[in-house]
Amino acid sequence: TRGVFIEADNDLFVATRMITGPWQDSASIKEASFALGTRFRAGGYALNRAGTTNTGHDMLSVYAPTGATVTFTAPEGVTGNFWQSVTGPTHTVSLAAGETFIIRTLGNQCGAEIDGSLVTSTAPIAVISGGRGWSGTVNHVTSGTCTVAGGCGDDGFDNVLPTNQWGNIFTVTNYPGADNGGEDVRVVADTDGTMVLVNATLVATLNAGQTHTFVPAAGPSLIETSNPVAVYHNAAAAASACELGLSFVAPMEFRGSTSLNVAVNVSGSGTAAVTIETARVASLRLDSAVLSSPTIAAVPGRPDVSVVTFSIPGGNHVVSSSGDFQMGMVTATSG
């Protein structure tokens, strides 16, 4: 129920798992130099099924290590009530050093998505964004409506970055599971007139706080924007039916020849998707061994970048390369 401040004398990666009743979700916790900021745009999903207790909520959790006054503003165009137990579209709270504050949207409000909501602060804070819900194809971009049928319920949260850490180029991948929970990608703008291209096709021009949503095609997709944006990936049923998650996608950046080792722990079995410079694909290793039967696909319009997908068994493993890369992973046990 409170924020935790972690320090170490060497580099480390921290992941947290939240369990709420029978549902669970995990998030990567970013280093303070990236995660702390004073301006954020939220993203996530609310799987809205009327009558299902404590679902259909999007949520923001903020942690103020030194104290701050934080203001939450509903997405563009919302004029009435948006936050639970709050009158109007905005809410401001003052936090003491070390305090955490959690706010959620009104429940079971079909289409009342948190995407594009603005969080501003008088001092650096950390923010977690996401949702909790239940349904089958709710708010899926191809359905156009909120359905009440279906049996998929879950949580999805991630530690998000402030607007000054956003970027302009991203890769996303459609993970291998069925999309029956509504896998999609959401691009959130913070600057008026932001052009969004997916695989070199202009798909939207967004103003600050607006969002473009699309379903990623099989294989990698390239997102390019004229101004920095945030990209959220709802990886619905990515590894097993009715298991959903949310990831804040990092911009595609490489540090040249700097080698990289990423240690992971896999529960059950996993599928990894590595974005890497094409010239370094052959150097990818799993526990120092050549990959077994990987799938390699060039990023559309970027032959110099490839996405390599491969299986990772349960347990502790290390993925490595002669150069920098970015990796996403989904895992599954019995669900």
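If each of ASP287 and MET327 carries a label point 7 Å out from its Cα toward its Cβ, how far apart are those two points in nm?
1.3
Between MET195 and VAL4, how many nm apart are label points set 7 Å from Cα along the C-beta direction?
With each label point 7 Å from Cα toward Cβ, the separation is 4.6 nm.
THR271 accessible area, nearest 10 Å², 1.4 Å probe?
My reading of the accessible area for THR271 is about 30 Å².
What are the residues whose amide H is under 5 Å from the amide H of ASN81, where those residues sit 5 or more places off or on another chain and H is modelled from the backbone?
Placed amide hydrogens put GLY88 under 5 Å from ASN81.
First obtain the Kirkwood hydrodynamic radius of segment 155-227 from its Cα pairs, then insert it into the Stokes-Einstein equation at 4 °C and 1.567 mPa s, and state the resulting D in µm² per second as a whole number.
So the translational diffusion coefficient is about 98 µm²/s.
Per-residue HN-Hα couplings for segment 273-287, Karplus 6.51 cos²θ - 1.76 cosθ + 1.60 at θ = phi - 60°, whole Hz, x for Gly and Pro?
The phi angles translate into 10, 10, 8, 8, 4, 4, 5, 9, 4, 5, 8, 4, 9, 10, 6 Hz.
Segment 186-335: D in µm²/s via Stokes-Einstein (Kirkwood Rh, Cα pairs, 25 °C, 0.890 mPa s)?
148
Taking 0.36 nm per intervening residue step and subtracting the Cα-Cα distance, what contour gain separates ASN81 from ALA96 on full extension?
That works out to 2.8 nm of additional length.
Quick one: if you stick a label point 7 Å off each Cα along the C-beta vector at THR278 and ASN316, how many nm between them?
3.8
Which cross-chain or sequence-distant (5 or more) residues have an amide H under 5 Å from the amide H of ILE312, H modelled 1.01 Å from N in plane?
Under 5 Å from the amide H of ILE312: GLY270, THR271, ALA272.
List, in order, the whole-Hz ³J(HN,Hα) value for each residue of segment 218-229 obtained from phi through the Karplus relation with A = 6.51, B = -1.76, C = 1.60 and θ = phi - 60°; use x for Gly and Pro.
For segment 218-229, the Karplus curve yields 4, x, x, 10, 9, 10, 10, 9, 7, 9, x, 9 Hz.
In Å and from the alpha-carbon atoms only, list the Rg and Dmax of segment 192-272.
When restricted to the Cα atoms of segment 192-272, Rg and Dmax are 15.7, 44 Å.
The values are calculated or read from the model by the stated rules, or taken from the named source; none is laboratory data. Source: prediction; values computed, not measured. Quick reminder, even Gly has a Cβ in these numbers, built from the backbone with ideal geometry, and neighbours come from all protein chains shown. Accessible surface is based on the protein model in full, side chains and every heavy atom, while ligands, DNA and RNA are left aside. Shrake-Rupley method; radii C 1.70, N 1.55, O 1.52, S 1.80 Å.
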